[in-house]
Amino acid sequence: MSMPVASALTRRTIVRCIETLLALFVLIGLNFVAVRALPGDPLGVLFADATLAAPTGEARDQLRQMYGLDGGLMDQFVRYLGHLAEGDLGVSAVHGLPVLDLILPVAPWTLLLVGTATVLSVLLGTAGGIEVGLRHGRRGNATLLAVLTVADSIPPFVKAIVLLFVFALGLNLLPASGAMTQFSEARGLARLGDIALHAVLPLSALVLHETTKIAYLTRASTITVLSRPFMTMARAKGVSPLRLRSAYVAPSTLATVVARTAALFSGLVSGVLFVEIVFAYPGLGMLVAEGITSRDYAVVQGVLLILGVTILTVNLIADLVILRLAARG
Amino acid sequence: METRSRGLAVAGAGVIIAAMIAGMVWGLAAPLPDVPMAAAPLLPPGPDHWLGTNQLGQDNLLRALAATPGTLALGLAASVIALVLSTVYGVLSVTAPPVLGRVMMRAIDVLLALPSLLVAMLVASYVRPGPGVLVLLLAGLGWPPDVRVVAALARREVARDSTRFARVFGGGPVYLMVHHVVPRMVPVLIALAVQGTRQTIIHASALAFVGLTDPSFPTWGGMLAEALPRLHEPTAIWQVAAPALALCGTILALGLAGTRLESWAHRSLGGSDDRG
């Protein structure tokens, strides 16, 4: 009996891996095609705003070679894939540095925000969703739902702007920008505290954004659980409110939350870009924003490509975990 | 309660649809000139300029209003194109030979794995799309999620007795689709269109916020981005207020209408009314 289950699991694992690889290929292909599909010479696009005089003759050939634009299309694509495989994302036209060298120093800040926000929004979203779900059909339910709906309708960057106005400018409680106090001599705990204080507002914007989505889902599955006989039984037995939530409702809603991990993560990764821009938080979002303003194509695409690949990988892992869990029953 | 909120939903949907049609006609007939730089820059709210003026002396409220028809038209156009694509693709995948149909659905899974906002940013970073290209870009990224819904519905409609009878009486595949399968899906398609419009507006405003759309096309996201450098000053709140409220209000209205339409579609398919 276990054999067919195991083989079905293997087959679906393989299918998911192939799908992810194909998606990766589409992503990379889009990046490759986009610059070459535009009318005119790709060099003209890349250097449309360059302050230096339009390169001619030999200089042009040199640039063409530097950006991998010489030779046939197929040839270019193979070379492009080869560079990517080596972690070579091209050279920033503005900084004169390899894109990877620009990404690596700022990536930890973004990772800090996304990682913390993932944990917090899963915890808060599940707890909040269960609370709202338990109030289903009671007084105040409509108000709670309305709050959730309104919160869900505010794009992350507007949430960030509102938080900035209220808590940083209005109440003057928290720092408005940056990841830590500049030129600070603080070391050890004081430094960590400074970093934490600066992360509060960007994190709040992100967590608020994803929490509402998880709360919606958890609420829906809580309501379905409520009508099950074991819940009536638990209530009749007089199970304590905390135990009712943690041991009876939460496990039943967990599956929905785990299944949503993929969407959660990709929402956070794209949300963090906008939140960082509002709070001038020195992560990948700021790098993208700078790249867009200075038309530094290699940087913009490098960051977006890396984020895309990260999302695809995390989603694949989440899906494989879910498959494993489902197979176990 | 139920009747009242349904009435409200219908009224809300009516207002949105009327605004969209008016916006389309207006936007197509005469592209709006940019709001004139008629006043002193960065005025606080006053009787002449209810929400003050921006760095260029343009009225904040007027600019937010001027961006409304374009934004709605863009959202509607992209979501209708996406819906047509997903309907054709979904119906084809059901009527195609099973092997091909399965391949078509797998292709959709691949596209669904891509983070659409990041892909939109990637493409837009080269193109800096104006309204026309933006519609195509967002439609191109917006259709895969709808295909599964459409395909599931089409599969159900194809299996109906009425469709089978029509086939026995000699109805060709196109006739069957146009007269038997697609008409029954209309409520769901409308709900999908409204949710798609909402999603498109969210994505378009995000792209405009990071400066990836043509700046001469007025957008709420672009207006918010213009206020960014002065966010540390309390007066920036007047510059932010109008576009932020317009954007959130539109997303909220479309979300509410979409949810109502979804339960309507659910009922029209014979579902019960008691979903959470």
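The values are calculated or read from the model by the stated rules, or taken from the named source; none is laboratory data. Since this is a predicted model, take the numbers as computed values, not measurements. Counting neighbours? That spans all protein chains shown, and the Cβs are built from the backbone with ideal geometry, glycine included. Calculation scope for accessible area: heavy atoms of the full protein, side chains included, ligands and nucleic acids excluded. Shrake-Rupley method; radii C 1.70, N 1.55, O 1.52, S 1.80 Å.
Using a simple charge model, +1 on the beta-carbon of Lys and Arg, -1 on the beta-carbon of Asp and Glu, nothing else, what dipole does chain B show about its Cα centre, in debye to the nearest 20? Write down the numbers at each step before the final one.
Working: 18 positive and 14 negative charges, 227 e Å.
For chain B, the charge dipole is close to 1100 debye.
Per residue of chain B, the DSSP helices (runs of n ≥ 4 H) give a summed -39500 (n - 2.57) that works out to -24500 deg cm²/dmol at 222 nm.
Its relative contact order, with pairs defined as Cα atoms under 8 Å and 6+ residues apart, puts chain A at 27 percent.
Before rounding to the nearest 500, sum -39500 (n - 2.57) across all DSSP H runs of length at least 4 in chain A and divide by the residue total; then give [θ] at 222 nm in deg cm²/dmol.
On the way: 13 runs with 239 residues, N = 329.
One gets -24500 deg cm²/dmol as the mean residue ellipticity at 222 nm.
Taking trypsin sites (Lys or Arg not before Pro) as exposed when their DSSP state is a loop state and no more than 13 other Cβ atoms lie within 10 Å, the longest site-free interval of chain B runs over B:1-159. Along chain A, the exposed loop sites are GluC sites (Glu not before Pro) outside DSSP states H, G, I, E and B with at most 13 other Cβ atoms within 10 Å, and the longest stretch free of them is A:186-329. Stretched out straight at 0.36 nm per residue, the stretch from A:ASN141 to A:LEU189 would grow longer than its current Cα-Cα span by 13.0 nm.
Taking a ≥ b ≥ c as the square roots of the eigenvalues of the alpha carbon gyration tensor, the protein assembly as shown is rounded, as a/c is under 1.5. Placing unit charges on the Cβ atoms only, positive for Lys and Arg and negative for Asp and Glu, gives the protein assembly as shown a dipole magnitude near 3080 debye about its Cα centre.
How about region B:156-222: which chymotrypsin sites (Phe, Trp or Tyr not before Pro) there lie in a loop by DSSP and see at most 11 other Cβ atoms within 10 Å? Here the chymotrypsin sites (Phe, Trp or Tyr not before Pro) that fit, given the DSSP loop and packing criteria, are B:PHE169. Remark: spin-label model distance A:VAL321-A:MET66 equals 4.4 nm, labels positioned 7 Å along the Cα→Cβ axis. In this label model, B:HIS232 and B:VAL168 are separated by 7.9 nm, measuring between points 7 Å along each Cα→Cβ vector. In terms of its C-alpha gyration tensor, chain B comes out prolate, because a/c is 1.5 or above and the ratio a/b outweighs b/c.
Once you sort the root eigenvalues of the Cα gyration tensor of region A:3-327 as a ≥ b ≥ c, which label holds: rounded (a/c under 1.5), prolate (a/b larger than b/c) or oblate (the other case)? Judged from the Cα gyration tensor, region A:3-327 comes out oblate (a/c at least 1.5, b/c at or above a/b).
Placing +1 at every Lys and Arg Cβ and -1 at every Asp and Glu Cβ, with all other atoms neutral, what dipole size does chain A have around its Cα centre, in debye to the nearest 20? Numbers along the way, then the final one.
Details: 24 positive and 19 negative charges, 487 e Å.
So the dipole magnitude of chain A works out to roughly 2340 debye.
Ignoring ligands, DNA and RNA, how do B:THR200, A:THR293 rank by accessible area with a 1.4 Å probe, largest first?
Working: B:THR200 10, A:THR293 115 Å².
Largest accessible area first, the list is A:THR293, B:THR200.
The chymotrypsin sites (Phe, Trp or Tyr not before Pro) of region A:141-193 that DSSP puts in a loop, and whose beta carbon has at most 15 other beta carbons within 10 Å, are A:PHE183.
Assuming R0 = 22 Å, can you tell me the calculated FRET efficiency for the pair B:ARG155 and B:VAL88, based on Cβ-Cβ distance, to the nearest 0.05? After rounding, the FRET efficiency stands at 0.90.
The relative contact order of region A:151-233 comes to 35 percent, based on Cα pairs under 8 Å that sit 6 or more residues apart. Membrane-span-like helices in chain A, defined purely by DSSP H runs whose alpha carbon atoms cover 15 Å or more axially and whose average Kyte-Doolittle hydropathy reaches 1.0, are A:2-37, A:99-134, A:141-152, A:261-279, A:297-328. For B:THR53, the amide hydrogen comes within under 5 Å of the amide hydrogens of B:LEU42, B:LEU43, B:ASN60, counting only partners 5 or more places away or on other chains and with H modelled in the peptide plane. Over chain B, Cα pairs under 8 Å with separation of 6+ residues give a relative contact order of 23 percent.
Compared with the dominant principal axis of the Cα atoms in chain B, helix B:2-29 is inclined by about 70°. Averaged over peptide B:120-130, the number of partner chain Cβ atoms lying within 10 Å of each residue's Cβ comes to 6.
When region A:3-327 is described by a simple charge dipole with +1 on each Lys and Arg Cβ and -1 on each Asp and Glu Cβ, the residue from A:VAL94, A:ALA142, A:GLY115 located farthest towards its positive end is A:ALA142. Note on A:ARG79 and A:ALA236: with the Förster distance fixed at 60 Å, the Cβ-Cβ geometry gives a FRET efficiency of about 0.30.
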